[in-house]
Amino acid sequence: DSGGGGAAQAYNAKELAQQRGWLMKKGKRRYFLVDNGVLYWASKEVSPSEPAFRKSVNGNLDLRDCTATQLTSVSFEVTSRSGSNYILSTTLRSDADRWLAAIRYAIAGGTAATARGTVLVSPRGVVAQQQQPHDGG
């Protein structure tokens, strides 16, 4: 194992469910976002709240039927049930880790509407959600 340990990383569930930012896809810089279990990409920054959002995106992938595999410290592959592969990369390992966690959270069914507390994501992609206590004492 060259991954350096098997400890799960903790992430804010709401942030994972609404992950946004720039990734490389086929050598081109694209803006990606996760929204309600779907990965969208565009050539410019877009928001799901924009009226022309659907027309602004170059493509999308329903993550609920996908798998996600880390390839290197800064790249990962998303594979659809139909066998389509999407190799995505960043420049920082921390960004790749966060994106992989967000995609694995969406694969597991996590959405902004259901996101609560902390999400634990292991290197194997096992996702566990820990609820925050509702009262302070």
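Below is a table of values for the structure above.
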read-out: Some residue of region 59-69 being crowded, with 18+ Cβ neighbours inside 10 Å and in contact with an Asp or Glu (Cβ under 8 Å, 6 or more places away or on another chain); value: yes
read-out: Residue in region 29-51 that is nearest to Ile107 (Cα to Cα), counting only those that are open to solvent by less than 50 Å² (accessible area, probe 1.4 Å) and assigned to a loop (DSSP other than H, G, I, E, B); value: Gly37
read-out: Residue within region 52-63 that is touching a helix residue (DSSP H, G or I) at 6+ places or on another chain (Cβ under 9 Å), part of a helix (DSSP H, G or I) and not polar (S, T, N, Q) present; value: yes
read-out: Which listed residue, of Gly136, Gly109, is open to solvent by 20 Å² or more (accessible area, probe 1.4 Å), part of a loop (DSSP other than H, G, I, E, B) and at pLDDT below 85; value: Gly136
read-out: Within region 88-98, tally of residues that are in contact (Cβ under 8 Å) with a residue 40 or more places away in the chain and either open to solvent by less than 10 Å² (accessible area, probe 1.4 Å) or among the β-branched types (Val, Ile, Thr) (or both); value: 2
read-out: Counted residues, region 1-20 - those being assigned to a loop (DSSP other than H, G, I, E, B) and either at pLDDT below 80 or surrounded by fewer than 15 Cβ atoms within 10 Å (Cβ to Cβ) (or both); value: 7
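The values are calculated or read from the model by the stated rules, or taken from the named source; none is laboratory data. Small disclaimer: the values here were computed from a predicted structure and weren't measured. Methodologically, a virtual Cβ is constructed for each residue, glycine included, from the backbone with ideal geometry; neighbour enumeration extends over all protein chains shown. Please note that ligands, DNA and RNA were not included when accessible areas were found on the heavy atoms of the full protein model with its side chains. Shrake-Rupley method; radii C 1.70, N 1.55, O 1.52, S 1.80 Å.
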